[in-house]
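Below: the structure, in structure tokens.
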Amino acid sequence: MNTCLLVIDAQESFRHRPYFAAERAAAYLAAQNALIQGCAAQGIPIVRVLHSDGPELAGNPFARSSGLVRPLDGLAVFEPAAEFVKTRHSALVGTGLDVWLTRHGVRRLIVSGIRTEQCCETTTRHASDLGWEVDFVAAATLTFDMQQADGSTLPADAIVQRTATVLQDRFATVCGVDQALVRAAR
């Protein structure tokens, strides 16, 4: 096994945040599902990473007791090679994912999931610093508009573009779904 797909934080918790944008989620799910199905067809292991944090109260969508720390509705069904729950931005902090990847001989990661500039970017940078080759599939990541310090809105598309720009050739190969699948087949 050389390559592994990481599906990071693709979970129902986000639908219960005020910034969730269903129209963006639809495009993301199409790309994410194509990536999942393409990896499954090639026999590439798929690892699910979920996020849990904050107070363990039913009203917190990221608390396990909320019932929302589960795969996002509409996500392609897959049998994960492994599943991890993280409490930090990087999927490699405190989860055992790094140990699992090393034990299974993984040298290349395909990063996908939610949020582009947060957990996906942080995991990409961390993985690169630890020596993994990383393909960052921007179309198979999802983020949302953010409010800047001056009160203006930073559109989600600008966040994705910025993330892809800072990762390219420094921490990852930024690629589309088809390119990631071709690279994984090598």
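Just so it is clear, none of the values below were taken in a lab; they were calculated from the coordinates. Owing to the predicted nature of the structure, the values given are computational and were not obtained by experimental measurement. Cβ: placed from backbone, ideal geometry, glycine included. Neighbour counts: every protein chain shown.
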Review point. In the stretch 1-78, which chymotrypsin sites (Phe, Trp or Tyr not before Pro) are in a loop and have at most 15 other Cβ atoms within 10 Å, using DSSP for the loop call?
Key: Tyr19, Phe20
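Counting pairs of alpha carbon atoms under 8 Å apart in space and at least six apart in sequence, what relative contact order in percent does the chain give? Walk me through the numbers on the way to the answer.
Values: 345 pairs, mean separation 46.7, N = 186.
Once normalised by length, the contact order is 25 percent.
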Review point. Where q = 0.16, 0.28, 0.31, 0.33 Å⁻¹, what log10 of I(q)/I(0) comes from the Debye formula for the stretch 92-132, counting one point per Cα?
Key: -0.38, -1.08, -1.21, -1.25
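So if I place +1 on the C-beta of Lys and Arg and -1 on the C-beta of Asp and Glu, and nothing else carries charge, what would the dipole magnitude of the chain be about its Cα centre? I want it in debye, nearest 20.
Values: 17 positive and 19 negative charges, 76 e Å.
In total the dipole reaches around 360 debye.
Suppose we keep just the DSSP beta bridges with both residues in the chain; what percent of those would be antiparallel, to 5? The partial results should precede the final answer.
Values: 3 of 27 bridges.
Expressed as a percentage, antiparallel bridges in the chain total about 10.
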**Study point:** Answer label for Cα extents along the principal axes in Å (calculated), chosen among (1) 44, 34, 29; (2) 52, 35, 30; (3) 52, 34, 26
**Key:** (1)
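Among DSSP beta bridges whose residues both lie in the stretch 1-99, state the antiparallel percentage, nearest 5.
Of the beta bridges lying entirely in the stretch 1-99, close to 10 percent run antiparallel.
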Point to revise | Helix-only CD estimate at 222 nm, as mean residue ellipticity for the chain, using -39500 (n - 2.57) per DSSP H run (n ≥ 4) | key: -9500 deg cm²/dmol
**Study point:** Charge-dipole axis of the stretch 3-184 as Lys and Arg at +1 and Asp and Glu at -1 on Cβ define it, positive-most pick from Ala184, Val99, Pro45
**Key:** Val99
